[in-house]
Amino acid sequence: MTKASPFFTSLKDLFAFLELPEPAVQVANSRFSFLVSRHFASKIEKKNPNDPLLREILPTEAENLIVEGFSDDPVGDAESELEPGILQKYQGRMLIEPTFSCSLHCRFCFRRAEPRKSLGDFLSRFRARLNSSPDIQEVIFSGGDPLMLPRANFDALVATILESAQVKTIRIHTRTPVTFPQVLDAADKNSLFSILKNAAQKKKVVLVAHVDHPHELDKKSAEIFRELSQAGITLLNQSALLQGVNDSAEILTELSFKLFDQGVLPYYLHQLDHATGVAHFEVSDARALQLLQEIRNALPGYLVPRLVREIAGEKSKTPI
Ligand SMILES: *Cc1c(COP(=O)(O)O)cnc(C)c1O
Ligand code: SF4
């Protein structure tokens, strides 16, 4: 018997697993394939074609619509890219994209349309960049999902930062606590957990999870967050505001409370970046502000995320 892959790469297989009739659309957009981890898929309600978690990962015809104002580089990354995979937009913070891999393909992702440039020898380029950028105090791992890197590659990048006196903070943006938690399993010596734990003894380590809906949180994520917290790692969350997924005050309120239950503080609630093929997820600013007011009334202040948008050329995220 062959071991089952931890991913669904075929919609047909996913729909069989969810006990749903096969969808009409096979691959809506060949530029961004279908992918979802079995772990995430197991949190989708069976036989429910309208499940919010399914909506996050299901390719649809709407992705092929050309909508004015939606483009392949919505946040001006090309302009801020120092070299492939290394960006600086904001003061003191360098953002690196050491991999294009993810544990699932979120259909609303703003990086979905990005050309997959060769990263070459990323480690040595990163080392050189860091050494010639004395103003950098924080290195932000983004992607892709940086925790999908092979262990040795992730270890080498972190080790480079630990050697650098100027960097105070390592920040990891990742969706794995809710999508592919095995990479953070504290009981598995080959997971990435020990690398983060060790780093947290020498620098500040911040993990920014990406959870959009309370159903994504489960016993496994609670366990992962507990171990990370005990290792001294600061836990934050960012969400994207998504039509048909979490554009409701009840859902956003429940999400904040459930994150806090698991030791995670809400950080950002993002208005969607206008990437080609994501217009059907858009929530208007007027509706977003109304939702923000409603959740402010329902939550303690420290559980209200900052509603922001990324605007190309600005020196920080822009509050709405
Ligand atoms: C969002 C972002 C950051 C981090 O911004 P914070 O407001 O500190 O969370 C850094 N660099 C780039 C390129 C970004 O897009
Ligand atoms: S995990 Fe993040 S980078 Fe990967 S597809 Fe989802 S939103 Fe995009």
Selected residue (only one of Leu291, Leu217, Leu255 is closer than 23 Å to Gly144 by Cα and surrounded by 20 or more Cβ atoms within 10 Å (Cβ to Cβ)): Leu217
Test set (1) within 16 Å of ligand 1 (Cβ to nearest atom); (2) in contact (Cβ under 8 Å) with a residue 60 or more places away in the chain - Pro98 fails condition number: (2)
Residues satisfying the stated conditions in the range 24-37, i.e. modelled with pLDDT of 75 or more and over 14 Å from Leu11 (Cβ atoms): Ser37
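Listed here are the residues, each with its yes/no results for (1) outside the structural domain of Leu53 (by TED's automatic domain parsing); (2) surrounded by 14 or more Cβ atoms within 10 Å (Cβ to Cβ); (3) farther than 30 Å from Leu196 by Cα; (4) away from ligand 1 (no atom under 16 Å from the Cβ).
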| position | (1), (2), (3), (4) |
| --- | --- |
| Asp247 | yes, yes, yes, yes |
| Glu250 | yes, no, yes, yes |
| Pro266 | yes, yes, no, no |
| Ala279 | yes, yes, yes, yes |
| Lys315 | yes, no, no, no |
Breaking point among (1) modelled with pLDDT under 95; (2) away from ligand 1 (no atom under 16 Å from the Cβ); (3) not polar (S, T, N, Q), for Arg111: (2)
Qualifying residue in the range 221-235 (condition: more than 16 Å from ligand 2 (Cβ to nearest atom) and among the aromatic types (Phe, Trp, Tyr)): yes
Residue list for the range 130-155, filter: charged (D, E, K, R) and within 14 Å of ligand 1 (Cβ to nearest atom): Asp135, Glu138
Positions within the range 163-187 being more than 16 Å from ligand 2 (Cβ to nearest atom) and under 26 Å from Gly263 (Cα atoms), in sequence order: Val167, Lys168, Thr169, Ile170, Asp185, Ala186, Ala187
Cβ pairs under 7 Å, 6+ apart, first in the range 70-89 and in contact (Cβ under 8 Å) with a residue 12 or more places away in the chain, second more than 10 Å from ligand 1 (Cβ to nearest atom) and β-branched (Val, Ile, Thr): Phe70/Thr276; Phe70/Val278; Ser71/Thr276; Asp72/Thr276
Within the range 263-315, tally of residues that are among the hydroxyl-bearing types (Ser, Thr, Tyr) and either out of contact with any strand residue (DSSP E or B) (no Cβ under 7 Å at 6 or more places or on another chain) or assigned to a helix (DSSP H, G or I) (or both): 2
Considering residues of the range 80-119 that are among the aromatic types (Phe, Trp, Tyr) and within 27 Å of Phe34 (Cβ to Cβ) only, the residue surrounded by the fewest Cβ atoms within 10 Å (Cβ to Cβ): Phe100
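Which one of these is surrounded by 20 or more Cβ atoms within 10 Å (Cβ to Cβ), among the small types (Gly, Ala, Ser) and either within 16 Å of ligand 1 (Cβ to nearest atom) or under 23 Å from Phe126 (Cβ atoms) (or both): Ala165, Ala199?
Among Ala165, Ala199, only Ala199 is surrounded by 20 or more Cβ atoms within 10 Å (Cβ to Cβ), among the small types (Gly, Ala, Ser) and either within 16 Å of ligand 1 (Cβ to nearest atom) or under 23 Å from Phe126 (Cβ atoms) (or both).
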Residue list for the range 229-260, filter: among the charged types (D, E, K, R) and more than 14 Å from His215 (Cβ to Cβ): Asp247
Pairs with Cβ under 7 Å, 6+ apart, first in the range 222-242 and free of Cβ contacts under 8 Å to residues at least 40 places away in the same chain, second polar (S, T, N, Q): Leu235/Ser229
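The values are calculated or read from the model by the stated rules, or taken from the named source; none is laboratory data. In this text the structure is predicted, and so the values were computed from the model without any measurement. Cβ: placed from backbone, ideal geometry, glycine included. Neighbour counts: every protein chain shown.
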